[in-house]
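The values are calculated or read from the model by the stated rules, or taken from the named source; none is laboratory data. Predicted model, so just to flag it, every value in this text is computed and none were measured. So basically every Cβ, Gly included, is an ideal-geometry build from the backbone, and we count neighbours across all protein chains shown. All accessible areas refer to the heavy atoms of the entire protein, side chains included, with ligands and DNA or RNA removed. Shrake-Rupley method; radii C 1.70, N 1.55, O 1.52, S 1.80 Å.
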Amino acid sequence: MSTLVMKFGGTSVGTSSAILQTANIIKQHKFQWDNLVVVVSAMSGITDQLIQSARKAAFNDSAGAHAIIEEIQNQHVAVINALITNQDEKENLFSELKKRLDELSNYCQSIQVMGEVTPRGMDVISSLGERINAPIVAAVIRSIGTPAQAIESSECIITDRTFQNAVPDMKHSREKIQSQLTPLFQQSLIPVVTGFLAATPEGVITTLGRGGSDYTAAILADCLDADEVWIWTDVDGVLSADPRVVPDARPIPEISFAEVGELAYFGAKVLHPKTIRPVVSRDMPLWVKNTFNPDFPGTRITQQPPRKRGEITAISTIKDLSIITVEGRGMLGVPGIAARTFGAVARTGASVLMISQSSSEQSICFTIPSLHNGDVIKSIETEMALELLRGDIDRVWSRDGVVIVSIIGSGMRETPGVSARIFGALGKNLINVIAIAQGSSEYSISLVLDQEDAVRAVQAIHAETAPTPNGG
Ligand code: ADP
Ligand code: ASP
Ligand code: MG
């Protein structure tokens, strides 16, 4: 039995012509696999709009919230009118849309009364885009003669209660997924599953984090013992850099799970960072392909692609960060300072993206999203109150407006000279490096730079990534 899971992202289902293109891709591949599962995102921009509607309601702006709801309605109505001719299908879709938007409007009213939106409430709202879109995409697939049925992933994927970043219970999910999808396979129906959302065992809606539909596809693939996962998006695969920063970024024909994991972790939006988790241990091939250039092979992600020594595979950037420094001469040799510092950070819920310690042990530096810097400093100051009073620690301070630029490539491993090329490129462009860390895997080197240098730095380093004729 061969099984393929294909996921279509927001832009692949963002307009009526894109949805039709998506439906045709599905129809074309259906015959090559025994079982085909489709995962769809919300139409592009809809999740942002849903979140905005909740925020406006929380700020008592009901007119603003309603204007957004109307826009969401118009966008979906236009697509249904453009693509669905069958009158019954059309009526069903309109009534489903109305039901969801009435729900949204009621949630916004409650939020307005409460004056706030909880993470749990935000998950119910932000997941509506997928729940509206899957039935539309399924109807379009049916309209071109391919049997398909929309499925809510809240009936399939079971998670804990970490709203907005829920963790799947794979064992429980496996049972649910198989029992929901197997009957559809037996009837040769293509399940069109909502990406992004899931539910607790009690049925409370959760989400897997922004961009989480990629992860949905990987979870389904794992639980169905699938053969491959294909992520359809709007670029020719995983590229050597963000194409919005480096217009001549190249598609990477093959990349390893480890490399793509680092790339996603360090900000490349093309894949949700958790996507590789369920598939890596099975060595299940994961492809990233372009809906708008479907004949291009895209990127194949596997355990160990061939790699040339000395080659840099890709560069990525995370913006809006702060570098926090805990410094003081009295820290020298005091055991447990680092553990207590990171304990204090963990209590704020901020994630530490990169750590560097100076060898003299007189300071600890780490990088976090700027959003959290006030809380983090306060928490460390409370934890270290005694050391600060005694003068063992002089100060805890933050430098804002920094980015992490990560240079990724398994070909850099044990190859001298790669860092020289990177720092040479930065030096030539007079770009100052604030901090450096090398991933323990040696697959990545990460640099903290001033935000204003980021674009120039990425472009300069990218110019160094061109493959060398003899592989370095
Ligand atoms: P989807 O809606 O299909 O999930 P996303 O917008 O989440 O698509 O991710 C695809 C986008 O990621 C691309 O359009 C591109 O602008 C951006 N991107 C950033 N870095 C990279 C990279 N290294 N390779 C490919 N795309 C990247
Ligand atoms: N629609 C969700 C988001 O915008 C999930 C996804 O697109 O993967 O974050
Ligand atoms: Mg995405």
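Of all the criteria given as (1) at pLDDT below 95; (2) in contact with an Asp or Glu (Cβ under 6 Å, 6 or more places away or on another chain); (3) within 14 Å of ligand 3 (Cβ to nearest atom), the one not satisfied by residue 278 is (3).
A search for C-beta distances below 8 Å between a residue of segment 120-131 that is of a type in the set (D, E, K, R) and open to solvent by 10 Å² or more (accessible area, probe 1.4 Å) and any residue that is more than 16 Å from ligand 1 (Cβ to nearest atom) and assigned to a helix (DSSP H, G or I), counting only pairs 6+ apart in sequence or on different chains, returns 131/100.
Checking each residue in segment 11-20 for being within 8 Å of ligand 1 (Cβ to nearest atom) and open to solvent by 20 Å² or more (accessible area, probe 1.4 Å) picks out only 11. Do we have residue 174 as touching a helix residue (DSSP H, G or I) at 6+ places or on another chain (Cβ under 6 Å), of a type in the set (Lys, Arg) and away from ligand 3 (no atom under 16 Å from the Cβ) here? Yes, satisfied. Residue pairs whose Cβ atoms lie under 6 Å apart, separated by 6 or more positions or on different chains, with the first residue in segment 177-194 and open to solvent by 60 Å² or more (accessible area, probe 1.4 Å) and the second not aromatic (Phe, Trp, Tyr), are 180/155; 180/156.
Has segment 6-15 got at least one residue that is free of Cβ contacts under 8 Å to residues at least 24 places away in the same chain, away from ligand 3 (no atom under 16 Å from the Cβ) and not hydrophobic (A, V, I, L, M, F, W, C)? Scanning segment 6-15 turns up no residue that is free of Cβ contacts under 8 Å to residues at least 24 places away in the same chain, away from ligand 3 (no atom under 16 Å from the Cβ) and not hydrophobic (A, V, I, L, M, F, W, C).
How many residues, within segment 39-78, are under 19 Å from residue 109 (Cα atoms) and either in contact with a Phe, Trp or Tyr (Cβ under 9 Å, 6 or more places away or on another chain) or open to solvent by less than 50 Å² (accessible area, probe 1.4 Å) (or both)? Number of matching residues: 14.
Consider residue 335 carefully, then state whether it is touching a residue at least 24 places away in the same chain (Cβ under 8 Å), open to solvent by 30 Å² or more (accessible area, probe 1.4 Å) and not aliphatic (A, V, I, L, M). No, not satisfied.
Among the criteria (1) over 17 Å from residue 141 (Cα atoms); (2) surrounded by 15 or more Cβ atoms within 10 Å (Cβ to Cβ); (3) more than 16 Å from ligand 2 (Cβ to nearest atom); (4) of a type outside the set (Ser, Thr, Tyr), the one residue 109 does not fulfil is (2).
Filtered by the rule that a residue be open to solvent by 10 Å² or more (accessible area, probe 1.4 Å) and out of contact with any strand residue (DSSP E or B) (no Cβ under 9 Å at 6 or more places or on another chain), segment 424-450 gives 424, 427, 428, 429, 430, 440, 441, 442.
Summed over segment 390-419, the residues that are over 23 Å from residue 442 (Cα atoms) and surrounded by fewer than 22 Cβ atoms within 10 Å (Cβ to Cβ) give a count of 10.
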